[in-house]
Amino acid sequence: MAFIIDQHTTYRIPQDPPSPVLHAWKMVERDHAQVLGAAPKHIPAADEPADVVIRYAVPEDRCPDRPEAFCFRFVNDGGRTALHIAANDDLGLVYGMLKYSGKHLGVDPFWFWADLPPKRLSRVEIPTDNYDSPEPFVRFRGWFVNDEVCLIGWKDEYPPTREVWQPVFEALLRCGGNMVIPGTDLPKHGVHADVAAEMGLWVTHHHAEPLGAEMFLRAYEGKIASYQENPELFETLWEEAIEKQKDRNIVWVLSFRGQGDQPFWIQDPAFDTPEKRGEMISRVVRKQYDMVRGKVANPYCCVALYGEISELYKAGHISIPDDIIKVWADNGYGKMVSRRNGNENLRIPSLPDPADAGRHGIYYHVTFHDLQASNHLTLFPASADLIRDEVVEAFQARANDYVLVNSGNIRPHVYTLDLIRELWMRGEADVEEHLQAFVSRLFSSGSPEIAEMFRDYARRTIPYGPNEDDRAGDEFYHHPARIIVGHWLQGKSDQSNVRLYWASGDVDFPEQVEWFRRKCAEAIPGWLELKERIERLLPALAKSDHLRLKDHLLLHVELHLSGCEGFEALGKSYAAYQVGDYPLAFVYASQAMWKYRKGRIALQEAEHGKWAHFFRADWLTNIESTVQNMDTLRRWLRVHGDSPDFFAWYKQFLMPETEKYIYLENTHRNPLSDDELARRLADKFGV
């Protein structure tokens, strides 16, 4: 027998439902209306029959006995079959309702972020088979909505409103997530943490904001941010944070870093040895731990072993109680090793040793911001196999109590976030099967070709180093380029730029510029080929698939291609400048500006419909800043030979020979614009 869901299906939810259940019911209510064309009928009275009953479990249900579990039970109710969605707790009911929405109404976890509305149907038939939710492989599963400038700039209001946060948290819940850091250093009066809690999520904290407390220097302007000197002031902030959150579901972050997310000893140089630093961190973590346990029964606590804290812990300088989850971090590029710090890249393994007791988890980046080569606006640059292999290896090392994923601005990272969803729910994933399923969900046509394009994307990214994770994201084309322009225009070309050693090594500045130019030039054919393949396929796709492929793959390819072409032109400009060919250097600098501008145009084209202004706060990769840097460069170059009248190059290269010696200067004084001069000189020079 089949159970029928149609326009006439009735629902009953618990009376006076708690906030998480009410939020989830609003989602189901909306989904039912979208799929079946009419709002569902809600039966408020418990003594009236309903087709779908959402309720808390009773012993007879034999619902799995663990937190967040739910079950589907088909019950004979007065001669009719009813579907009962039952759970032992609020979050279990939330997951049960969203499972119903996803499995039976066909609502995708990323329907909002991928512009993937469910299909309209007149009725849905489902088999009357009971169902028990499987246990997620990871206990705490969540996103760190970090570097979220697109979410911040999307709407006019700051800090972001419920309108922004609710789709983020809904997608996380639909992915089986139960934990979130809702943003980075947002004003305390923002609604981000409140909305997360209302929707049933456990809230956790940035490692630079232990316990979610206010930053010391914001609270105590002019005071010295030293726990050694002002312990009572720090503890007051921690006390206030604990008091404010003690009645919520919190995974408490215990940590001690300096102000501005940097080591505390930078501001407190008395801690000049690893022993002193480790002792201080151990002492502070123990103090925070005791303070939380003084107000919260059986709290969940964690310590982020990030950056220098990981190194101190590995060296035995930090002591942490075993019931605190130790969170190990990847390097920002998906590899479970210590992150690169400037030019230092020790790549110390970042996983627990077999003898390391206690509970463990991971903090993992599918997007990153580091002013070097990270991906912020674009997809993860290495293969999906790397993600799978690293996360599974972490699980095998017992780091499966906690997974926190840096999710960035959500929309550009749907594919990799979906892969992580499978990993934290099942503990494993077949990358090929997942890709095929993902592409089938997002695109109704052209699936084999599109899947291959997603594979090829990672093959096209620039390998800038010897390791499999040394693959360039969008920031590679912009931060180093602006460093080069600044160094050049400050007259430091005779000096190597230390900030570029992580990529080029310790070589002379001209060699550094040439290293980047060559890397980008070598990548251009691959990006062009992939772009052309996508564009050839687009006309054959349905309108919605066409737009989705542009947003979720072609945009990323265009950002890489425009970055490579822009950087190559910048390198050519510097080479021409070195030999004193200023007009040619001016042309190449103009071409660099035009190529980089294509990236900004691509972002603007992706701001259709509800996505209007989504990329206007591109302040991290900051393509517009790169464009302006190239414009500054070409103006500076034009001064080299075309100044002061800005007519010399026109006369030298463009004016007809017959006019050069007879024109009257007082009638030929309207200099060409930079763009017009550059275009005409480019034609003249054949570049």
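The values are calculated or read from the model by the stated rules, or taken from the named source; none is laboratory data. Just so we're clear, the structure is a prediction, and the values are computed from it rather than from any experiment. Every residue, glycine among them, receives a Cβ derived from its backbone with ideal geometry; neighbour counts consider all protein chains shown.
Since Phe74 meets every condition but one in (1) in a strand (DSSP E or B); (2) under 25 Å from Glu170 (Cα atoms); (3) not aliphatic (A, V, I, L, M), which condition does it not meet?
Failing condition for Phe74: (2).
Glu390 fails exactly one of the following numbered conditions: (1) closer than 21 Å to Glu468 by Cβ; (2) touching a helix residue (DSSP H, G or I) at 6+ places or on another chain (Cβ under 8 Å); (3) not in a loop (DSSP other than H, G, I, E, B). What is the number of that condition?
Result: Glu390 passes all but (2).
Find the strands (runs of 3 or more DSSP E) located wholly in region 215-329 whose residues include 2 or more that are within 22 Å of Leu346 (Cβ to Cβ), and list them.
Counting at least 2 such residues, we get 300-305, 325-329.
From Asn331, Asn343, which residue is in contact (Cβ under 8 Å) with a residue 24 or more places away in the chain, more than 30 Å from Asp194 (Cα to Cα), of a type outside the set (Gly, Ala, Ser) and surrounded by 15 or more Cβ atoms within 10 Å (Cβ to Cβ)?
Asn331
Which residues, taken from region 529-546, are surrounded by fewer than 17 Cβ atoms within 10 Å (Cβ to Cβ), within 23 Å of Phe615 (Cβ to Cβ) and either touching a residue at least 24 places away in the same chain (Cβ under 8 Å) or among the hydrophobic types (A, V, I, L, M, F, W, C) (or both)?
Of everything in region 529-546, those that are surrounded by fewer than 17 Cβ atoms within 10 Å (Cβ to Cβ), within 23 Å of Phe615 (Cβ to Cβ) and either touching a residue at least 24 places away in the same chain (Cβ under 8 Å) or among the hydrophobic types (A, V, I, L, M, F, W, C) (or both) turn out to be Leu538, Ser544.
Consider Asp506 carefully, then state whether it is outside any helix (DSSP H, G or I) and not hydroxyl-bearing (Ser, Thr, Tyr).
yes
So which residues in region 15-35 are assigned to a loop (DSSP other than H, G, I, E, B), without any contact (Cβ under 8 Å) to a residue 60 or more places away in the chain and not polar (S, T, N, Q)?
If the condition is that a residue be assigned to a loop (DSSP other than H, G, I, E, B), without any contact (Cβ under 8 Å) to a residue 60 or more places away in the chain and not polar (S, T, N, Q), then Asp16, Pro17 are the ones that fit.
Which is at pLDDT 95 or above, farther than 25 Å from Val366 by Cα and not assigned by TED's automatic domain parsing to the domain that holds Asp108, of Glu452, Glu468, Glu475, Glu511?
One residue alone meets the criteria, Glu511.
Among residues belonging to region 36-55 that are touching a residue at least 40 places away in the same chain (Cβ under 8 Å) and surrounded by fewer than 21 Cβ atoms within 10 Å (Cβ to Cβ), point out the one that is farthest from Arg80 (Cα to Cα).
Gly37
Go over the candidates Asp31, Asp61, Asp16 one by one and state the one that is at positive phi and either modelled with pLDDT of 95 or more or among the charged types (D, E, K, R) (or both).
The match here is Asp16.
Taking the condition of being part of a helix (DSSP H, G or I) and acidic (Asp, Glu), how many residues in region 407-441 meet it?
4
Applying the selection to region 223-243, what residues are of a type outside the set (A, V, I, L, M), closer than 15 Å to Gly294 by Cβ, in contact (Cβ under 8 Å) with a residue 24 or more places away in the chain and surrounded by 14 or more Cβ atoms within 10 Å (Cβ to Cβ)?
Matches in region 223-243: Glu235, Trp238, Glu239, Glu240.
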